[in-house]
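Written out below as structure tokens is the structure these notes cover.
Any read-out appearing in this document is the output of simple, stated calculations on the displayed coordinates, not a laboratory observation. Quantities reported herein were computed from a predicted structural model and do not represent experimental measurements. As a convention, Cβ positions derive from the backbone with ideal geometry for all residues, glycine included, and neighbour counts pool all protein chains shown.
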Amino acid sequence: MKKVMVGNHAVSWGARLARVEVISAYPITPQTQVVEALSEMCADGRLAARFIKVESEHSAMAACIGASAAGARAFTATSSQGLALMHEMLHWAANGRHPVVLANINRSLAPGWNIWTDQSDSLAQRDTGWIQLYCETNQEVLDTTIMAFKLAERLDLPVMLVLDAFYLSHTAEPVEIPDQDAVDAFLPPRQARYRLDVGDPRAFGGLVRPDAYMEMRWYLNEALRQAEVVYEEVEAEWARASGRRYGAVEAYRTDGAEVVLVTSGTMTSTARFVVDRLRERGEPVGVVKVKMFRPFPSETLRRVLHGVDRVAVLDRNLSPGRGGIFAEELRAALYAGDGFLRPAVFGYIVGLGGRDVTPRVLEEIVARTMREETPRREDLWVGVSP
Amino acid sequence: MTQIRFAGRLPEEDLVTSGHLACPGCAAPLAMRLVLKALGPKTIVVMPASCWSIIAGPWPQSSLRVPLYHTAFEAGAATASGIRAALDQRGDTETTVMVWAGDGGTFDIGLQALSGAAERNENILYVCYDNEAYMNTGIQRSSATPWGAWTTTTPERHPEASPKKDILAIMAAHRIPYAATATVGYPLDLVEKVRRARAVRGTRFLHILSPCPPGWKYPDEATIELSRMAVRCRIFPLVEVEYGQRWRLSFDPAPPEPVGPYLRKQGRFRHLAEPDVAYIQREVDARWDMVVRRVRESNGASGDWEPATAIGVGGEPPGMPT
Amino acid sequence: MPESSSRVSPVAVSRTSTLVTHTGTWKYIRPVYRDLVAPCMEACPVGIDIEGYLNLLREGRLEDACDLLARENPMPAVTGRVCHHPCEVACNRRAYDEAVAVHAIERHLGDALLEQMPVAGAPRRPGSVAVVGSGPAGLACAYHLVRLGYSVTVFEAAAEPGGMLRLGIPAYRLPRSVLDRQIRWILGHGVALECGVRVGTDLPWPALWDRFDAVFLGLGAQKGRDLGVPGESLEGVWRGLDFLRSVNSGKRPELGRRVVVVGGGNTAMDCARTALRLGAEVTVLYRRTRAEMPAIEDEVQDAEREGVQFLFLAAPLRLVSEDGRVRAIECQRMRLGDADSSGRRAPVPIEGDRFTLDADAVLSAVGELADLEALPDDIARLPAGIVAGAFGETSRAAIFAGGDATRQPRTVADALGAGKRAAIGIDRYLRMVHGEPDRFPAAESLRYGPGGNLSATRWRGDDPIPRTAPANQVVRYQDLDLSYFVRQPRRAEARRGGGEGLRDFAEVNLGFDRETMFEEARRCFNCGVCNRCDVCLVLCPDLAIARTYSGYRLLLEYCKGCGICAAECPRGAITMIREEL
């Protein structure tokens, strides 16, 4: 069944099809449609979930953790300040190895108040131990929501799927809605490895002394290290049911490319459009879309960027005092490659706080990347006029 | 009844194990022990940061024989809400989900989540064991610290200057089905209240005064006696509140003991002068009057609701069954 | 996630309990369950495990309570009625509300014991013992000796056994049927009795020495003391004891209308109430005040209730006669002076303040004396009586003595206690004679508390009550945790007749019914002895106390030594001691 829907509703549909059991959320623009639709679904019985309308995002995540610890499939959605407020509990979910799924609508952080898209909220949570998946289309949002549960429950890790405010959240696109049967076959009810069980009483998360804490962190890191491979397996399985797959990293027209735009989120669609146009003009340009930010798919990126001369990383985010976070991560990934002919990485800060990143902006970036002799020491802020 | 015996009056099974890491004489493990006696093994405990985070034992140990989830300081009630939802989803409405929080996790940092859960009338039991300061971190003041008390952040020359927050009134204002106070000095009363709480659906709140030998600076063995004294001098009235409307006194210590001996037994009040003690007495009397007023006002509305009589309150309290 | 067989699991999930942590290493003091002694037991001249049987009653174990009582007291049906019960004066509960009515409970148990006559066993030990006198001391000694396995013969000069119990105590206090059954019950244990045999005349002393391996002298004090004022030989002047003996043996002497009883003890009360029953108007003359009266308070109250008048602070000066018969008694007004050797304030005459009281009869009840003239000289004595040691031993080997004939308070309870002491002494002596190892427990270790009487149970070493680390120390009121008690008045015994003028000798005090008896027994604090109330068990924050079959066990590997158990024990049965390093 195909349906035209906004990205937020694609999230709701994905959660519904995944038969989440407990939802706990707090409203924040631009996430509200997600919870509104889920409220409707719960109210009219289309979704047999318990929706806990908590008094804060911190409590939302705490409730999801509680539900997950008790064996339920738990879901929440938030954005920006809400995600920031959750921060403590994001660590809790990951260290506690609770497969909670969270949809984050990328939005900038105040002050001043700005409700438009910006990846700084989710990227600020990169060290919490969550898997992060950035989506490009509403179809991808729906598919990723469903896959996120499978991925989370296979690894006992929480998964954050990320979509741009308004460009996806409030933009309607046709979305193929998979059959419930197909989703059920793909995603059976959760079988928790550990859960709070009065028949097997155990304490979760008590005092861990230095002789064991480091091992537990090692386990967490190991689980995340496996996440890319497991994600590809999950996606392959989902592809058999749906015919769609995205990849942790997707290379678009990179054959013989001299310049590759590295993107994430909806900017990727714009980049595809620009690359198509430039290729028509014969310019050797490609796109690499980074869907999975955590774990950072370093090996895959080294592979797809092998032999590329110049890479332009588009960062709709900022680590103040350092620059774009994707560029930073990519540089680190490429540097770690042994005996690898490294491309020059050009970092561009774009579109913060929802500023439009147009084809024209991307064309300028490609042109500038080709023109520069070597990358600047610091990422270039595109279109800034202080 | 001429003497108070516990034999045969409390469930035999204990769900707390020895070897826990509470200080000698600590009321908190005793409170947990009594509460779990009343709740039984079908209980899941949610524990935000508190002394009990340590008392529960280091990994891979646990001092509880029921499932226990350690959660973040401010997240007790919310975590419990999620667990409750998950159990309900599985059709398990029998298991009690209990938050076990200290005064910091209840009066201060956890109040928002608690208020949220109470407003939603989550089907959980929230127990605050109140030792009147941040004891686990080294006796820093909380909003449960009484006026005049010494703590490491309210030194003797500038002791606690705010009155203790009235958490029971706050919870009563949420109109939850059941809120009550108890102490380990009256174990039968405490257990009876937990039994009552267990029988009710919705948010239930139990405030247990939990004397702390190192934090209050008194000898280890006086924990029970201080618990009783707190009740008898009306600093800690034993009450029950239904739906925020119907207030009942479990025990009316008439004539009450003065607050002086209770305060003087504790090193944290050592610096108080007599006028300070007199001031505390006036404040205690005023709050008692408020409680009595509410009890009186709800008399017409209480119907057939019987108080959890403070069975186990000895020493001839007038009006007590003998 | 990897399996949990790894050293560290991926998540902090517990897999064991804190029982692996032995927090007992933290402590520097530790509790011990240490049974102490209740003050009633130390105060009891008989030496009865009062707390023990009250606790058994609390548990509903009536038979066991009777058995425990009968181990020490051969005549509870009697003492339950006539004992001056110092146990109740010592009772810690007295400081809290009112003493436990021990005597009334004892009476109920005593009556219950009489429901079933014992079966005598054959003597198990070599040695036969003669007991001279069948009063409480003699019968007690005989009883304990047969229980210890000896062959015992009691010689009684009178036609019927019982001594002062029969001759001195009126039937309205001690019905003869009760006394008879109590004595039958004692004899039923295998005691041989020969009445109408006056030792010294009917059976010469040397013959007695020869026939028996040991002898107990329970001769009593049956000679009434004179008033020591002019006119004592007048008609109508009686020694109180003679008067009682006369009435108690069935006679009804003519006293006249106005009777004055001189004295403030139990004999005085007995005389007054007996005279009342013969139709007289009775006035008791006592030289001190009511507070100093040595009589049992209940007896005084009963006398008042029945219409006996009291005249305090007055002493007789002389008896006024008419036709050789007493007609009046001239008295001296007294006041209270400084305390005397008995601790009471001594009466001092108020010079010139005299008055005369009309009297058709005067009964003197100012004390009794032992008649020891017939006793062989080699048995040492003082004016107050035979000299007897801690085990009743006299100056002559194999001869023991006790009761009113020795220097001791002249009460039934003291007599029973002396009989028991001598029985233990005789057992000890005969064992020594038979060459058994002469290492016997010291008297101190056999006493209930440092000042109590000897315990037959302790002597035999067959205490049916499990004891934990007992210490012979009496529990004081301040050792108790009163938070665990609720004030409750002592139960009153049913009493016959509310008004004045009782004219018959039927029993006045009707005692407790069974339910009241059990209720009253539950008032006992059980001072110093664990009665498994579970206070310690429930309040231990470290769950370091475990239940055992008979009580509790400390789990010292977990006990942190907080002391809550000892502080909270309602009855002081837990003591904190320094941890040995």
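In the set A:Arg368, A:Arg322, A:Arg310, which member is farther than 19 Å from A:Thr266 by Cα and under 22 Å from the mean Cα position of the chain (by Cα)?
A:Arg322
Taking region C:235-255 as the region of interest, how many residues are over 22 Å from C:Ile169 (Cβ atoms) and either free of Cβ contacts under 8 Å to residues at least 24 places away in the same chain or surrounded by fewer than 18 Cβ atoms within 10 Å (Cβ to Cβ) (or both)?
2
Just the residues that are more than 22 Å from A:Met216 (Cα to Cα) and not in a loop (DSSP other than H, G, I, E, B), please, taken from region B:53-78.
Those that are more than 22 Å from A:Met216 (Cα to Cα) and not in a loop (DSSP other than H, G, I, E, B): B:Leu64, B:Gly76, B:Ala77, B:Ala78.
Given (1) touching a Pro at 6+ places or on another chain (Cβ under 9 Å); (2) of a type outside the set (S, T, N, Q); (3) part of a strand (DSSP E or B), identify the lone condition not met by C:Asp270.
(3)
Just for region A:92-136: of the residues that are in a helix (DSSP H, G or I) and under 10 Å from the mean Cα position of the chain (by Cα), which one is farthest from the other protein chains (Cβ to nearest Cβ)?
A:Leu123
Give the residues of region A:197-245 that are farther than 23 Å from B:Val46 by Cβ and part of a loop (DSSP other than H, G, I, E, B), sorted by residue number.
A:Gly243, A:Arg244, A:Arg245 - these are the residues of region A:197-245 that are farther than 23 Å from B:Val46 by Cβ and part of a loop (DSSP other than H, G, I, E, B).
Could you tell me which of the residues C:Arg7, C:Arg93 is without any contact (Cβ under 8 Å) to a residue 40 or more places away in the chain, more than 16 Å from C:Ser455 (Cα to Cα) and within 12 Å of chain B (Cβ to nearest Cβ)?
Within the list C:Arg7, C:Arg93, the selection yields C:Arg7.
I'm trying to understand the selection: among the residues of region C:306-328, which are within 24 Å of C:Gly352 (Cβ to Cβ) and touching a helix residue (DSSP H, G or I) at 6+ places or on another chain (Cβ under 9 Å)?
Answer for region C:306-328, where residues must be within 24 Å of C:Gly352 (Cβ to Cβ) and touching a helix residue (DSSP H, G or I) at 6+ places or on another chain (Cβ under 9 Å): C:Phe310, C:Phe312.
Of all the residues that make up region C:340-360, how many are assigned to a strand (DSSP E or B) and surrounded by fewer than 12 Cβ atoms within 10 Å (Cβ to Cβ)?
Matching residues across region C:340-360 total 2.
If only one of C:Asp534, C:Asp479, C:Asp542 is in contact (Cβ under 8 Å) with a residue 60 or more places away in the chain, out of contact with any helix residue (DSSP H, G or I) (no Cβ under 9 Å at 6 or more places or on another chain) and among the charged types (D, E, K, R), which one is it?
C:Asp479
Among the numbered criteria (1) more than 10 Å from chain B (Cβ to nearest Cβ); (2) on the phi < 0 side of the Ramachandran plot, which single criterion is violated by C:Gly497?
Failed condition: (2).
Filter region B:3-20 for residues that are surrounded by fewer than 24 Cβ atoms within 10 Å (Cβ to Cβ), facing chain C (nearest Cβ under 7 Å) and either in contact (Cβ under 8 Å) with a residue 12 or more places away in the chain or not in a loop (DSSP other than H, G, I, E, B) (or both) and give the result.
Once the filter is applied, which keeps residues that are surrounded by fewer than 24 Cβ atoms within 10 Å (Cβ to Cβ), facing chain C (nearest Cβ under 7 Å) and either in contact (Cβ under 8 Å) with a residue 12 or more places away in the chain or not in a loop (DSSP other than H, G, I, E, B) (or both), region B:3-20 yields B:Gln3, B:Ile4, B:Phe6, B:Leu10, B:Asp14, B:Thr17, B:Gly19.
Check region C:21-39 and report whether any residue there is under 19 Å from the mean Cα position of the chain (by Cα), outside any loop (DSSP other than H, G, I, E, B) and either away from chain B (no Cβ under 14 Å) or crowded, with 17+ Cβ neighbours inside 10 Å (or both).
For region C:21-39, residues under 19 Å from the mean Cα position of the chain (by Cα), outside any loop (DSSP other than H, G, I, E, B) and either away from chain B (no Cβ under 14 Å) or crowded, with 17+ Cβ neighbours inside 10 Å (or both): present.
Hey, can you tell me all the residues within region C:466-524 that are touching a strand residue (DSSP E or B) at 6+ places or on another chain (Cβ under 9 Å), surrounded by 15 or more Cβ atoms within 10 Å (Cβ to Cβ) and of a type in the set (Lys, Arg)?
C:Arg495, C:Arg522, C:Arg523
Can you say whether C:Asp111 is out of contact with any strand residue (DSSP E or B) (no Cβ under 8 Å at 6 or more places or on another chain), over 30 Å from A:Gly96 (Cβ atoms), surrounded by fewer than 24 Cβ atoms within 10 Å (Cβ to Cβ) and more than 14 Å from every other protein chain (Cβ to nearest Cβ), as far as the supplied structure shows?
no
Residues of region B:206-251 being in contact with a Gly (Cβ under 6 Å, 6 or more places away or on another chain) and within 11 Å of another protein chain (Cβ to nearest Cβ), which ones?
Within region B:206-251, B:Pro213, B:Asp220, B:Glu221, B:Thr223, B:Ile224, B:Ser227, B:Arg228 qualify.
Anything in region B:94-112 that is within 11 Å of chain A (Cβ to nearest Cβ), within 22 Å of B:Ser210 (Cα to Cα) and either among the aromatic types (Phe, Trp, Tyr) or part of a helix (DSSP H, G or I) (or both)? List them, or say none.
Across region B:94-112, the qualifying residue is only B:Leu111.
One line per residue, one yes/no per condition, for (1) crowded, with 23+ Cβ neighbours inside 10 Å; (2) out of contact with any strand residue (DSSP E or B) (no Cβ under 7 Å at 6 or more places or on another chain); (3) under 30 Å from A:Leu109 (Cβ atoms):
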| site | (1), (2), (3) |
| --- | --- |
| A:Met5 | yes, no, yes |
| A:Ile23 | yes, no, yes |
| A:Thr29 | no, yes, yes |
| A:Val34 | yes, no, yes |
| A:Ser39 | no, no, yes |
| A:Asp44 | no, yes, no |
| A:Ser56 | no, yes, yes |
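Does A:Ala70 fit the bill of being without any contact (Cβ under 8 Å) to a residue 40 or more places away in the chain, closer than 27 Å to A:Asp184 by Cβ and out of contact with any Asp or Glu (no Cβ under 6 Å at 6 or more places or on another chain)?
no
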